[in-house]
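K.L.:
Here it is, the structure in full.
Each value in this text was obtained by applying a stated rule to the coordinates, not by laboratory testing. Predicted model only: the values in this text are computed from it and were never measured. When we count neighbours, we look across all protein chains shown, and the Cβ atoms used for this are built from the backbone with ideal geometry, even at glycine.
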Amino acid sequence: MAVLGSMAMASLPSYADDETFGLPNAPGREELLAFCGACHSMKLVVQQGLTRQSWEETLIWMYEEQEMPRLEPEEEKLVLDYLAKYVGPEAQKERLQERGILP
């Protein structure tokens, strides 16, 4: 799905000037932008479409292998909740369907 996601994102010019890549303004977004956006473009984050478990594994990998500073437990939960709800496989599928990229 990540390959499809990256192809789809490349064809969405409306996101070109949006640093949040259409992420809803909901609890956790500011933390996501601050923590993930410190090193990554939100385009990279949005195109992943991972499950909550995969996001958790990615975060652990970032801590252990990339020396990312650990988030406070409340912040980590907020970011993971946001990612699971708005950047998970179903949310990604809905975004692509809204734009006519997927049926």
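K.L.:
How about region 33-88: which GluC sites (Glu not before Pro) there are in a DSSP loop, with at most 10 other Cβ atoms within 10 Å of their Cβ? Write down the numbers at each step before the final one.
P.N.:
Values: sites: E56, E57, E64, E65, E67, E74, E75, E76; in loops: E67.
Answer by residue number: E67.
K.L.:
Between N25 and K77, 0.36 nm times their residue separation minus their Cα-Cα distance comes to what? Show your work: numbers first, answer last.
P.N.:
Numbers: separation 52, 0.36 × 52 = 18.72 nm, distance 1.69 nm.
So the extension gain works out to 17.0 nm.
K.L.:
On full extension of the chain, what length is gained from E90 through S41, given 0.36 nm per residue of separation minus the C-alpha to C-alpha distance?
P.N.:
On the way: separation 49, 0.36 × 49 = 17.64 nm, distance 2.10 nm.
Extra length available between E90 and S41 comes to 15.5 nm.
K.L.:
Could I ask something else about it? In nm, give the distance between the simple-model label positions of E56 and M68, each being 7 Å from the Cα along the Cα-to-Cβ direction.
P.N.:
1.5
K.L.:
Work through the residues other than L102 whose Cβ is under 11 Å from its Cβ and net out their charges, Lys, Arg +1 and Asp, Glu -1.
P.N.:
+1
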